1. Per-residue ellipticity at 222 nm for the chain, helices alone: DSSP H runs ≥ 4 residues times -39500 (n - 2.57), over residue total, nearest 500 deg cm²/dmol?
2. Take the stretch 68-184, compute every pairwise Cα distance, and split them into 10 Å bins from 0; I just need the percent in each bin.
3. So between residue 226 and residue 49, what do we pick up on full extension, going 0.36 nm a residue minus the alpha carbon distance?
4. State the percent of C-alpha pairs, over all pairs in the stretch 195-244, separated by a distance greater than 19 angstrom.
5. For the stretch 19-265, divide the Cα radius of gyration by the Kirkwood radius and give the resulting Rg/Rh value with two decimals.
6. Using the Kirkwood formula on the Cα atoms of the stretch 8-142, what hydrodynamic radius do you get, in angstrom to one decimal?
């Protein structure tokens with residue numbers, strides 16, 4: 001039976017869990033349903049540091065955005081952005097540069113609905129409901145065309161989303177199509193969960209998510225590296241999240257090593 005929340009968009013089947021809402025649950029957010037919490041609890045039952053892993057992804061996103069701003073990026077396309085929580089990209093960048101532009105893209109109706117609510121009075125930020133695996137649909141959307149100038153460098157973010165892209169859809173190919181669409185000087189931030197360190201636990205996470213809208217596909221370091229092809233990977237390379245520019249985060253910030261991350265430049 002659907003849950004009677006006033007903030008639920010019409011037509012949503014709240015009995016089917018989604019990655020965006022499970023992630024929201026793991027981050028301590030309040031925009032998730034019973035079905036999402038059941039899956040989230042299953043994840044935590046087999047992966048005790050599941051919340052820390054989600055937080056590590058979120059922290060990497062913040063550090064990546066800060067580095068992009070240091071390198072002169074003023075427009076950002078956040079693919080698979082998820083449900084809005086404190087520390088969204090537009091909050092980070094517009095605090096320093098109110099004219100910076102941000103577009104969020106997600107296929108989850110709840111994520112899009114809440115983003116629209118938060119951004120309704122923000123002329124330099126927008127949201128698109130679309131499948132990031134269809135770059136042409138995303139890049140031709142009026143919101144993207146209005147806010148993102150593809151003649152200028154773009155900060156492209158695919159954080160905690162590529163492990164939901166199946167081999168059949170080709171995650172490296174999806175990244176390459178966006179890479180080819182943005183101009184030289186653009187920066188691309190990627191993160192990806194891996195089973196390299198906890199194969200048993202991560203296998204159980206895959207099982208927990210397989211009946212959701214968004215099954216998961218963990219990949220090795222070598223497989224993740226292929227997603228950076230055709231770009232110059234910035235120092236310190238493709239590493240576990242805690243080792244990527246920790247100086248850009250709060251002192252003592254660490255976290256599990258189950259997330260590989262990297263930022264690359266299109267030459």
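1. Values: 10 runs with 99 residues, N = 267.
Taking each H run of at least 4 residues, the total per residue is -11000 deg cm²/dmol.
2. 14, 49, 33, 4, 0
3. Details: separation 177, 0.36 × 177 = 63.72 nm, distance 2.73 nm.
61.0 nm is the gain from fully extending residue 226 to residue 49.
4. Working: 524 of 1225 pairs.
Tail fraction, whole percent: 43.
5. Values: Rg = 16.7 Å, Rh = 18.0 Å.
Result for the stretch 19-265 is an Rg/Rh of 0.93.
6. Details: mean 1/r = 0.0636 Å⁻¹.
One over the average 1/r among Cα pairs gives 15.7 Å for the stretch 8-142.
All of the numbers you see were taken from the coordinates with simple rules; none came from a lab. Owing to the predicted nature of the structure, the values given are computational and were not obtained by experimental measurement.
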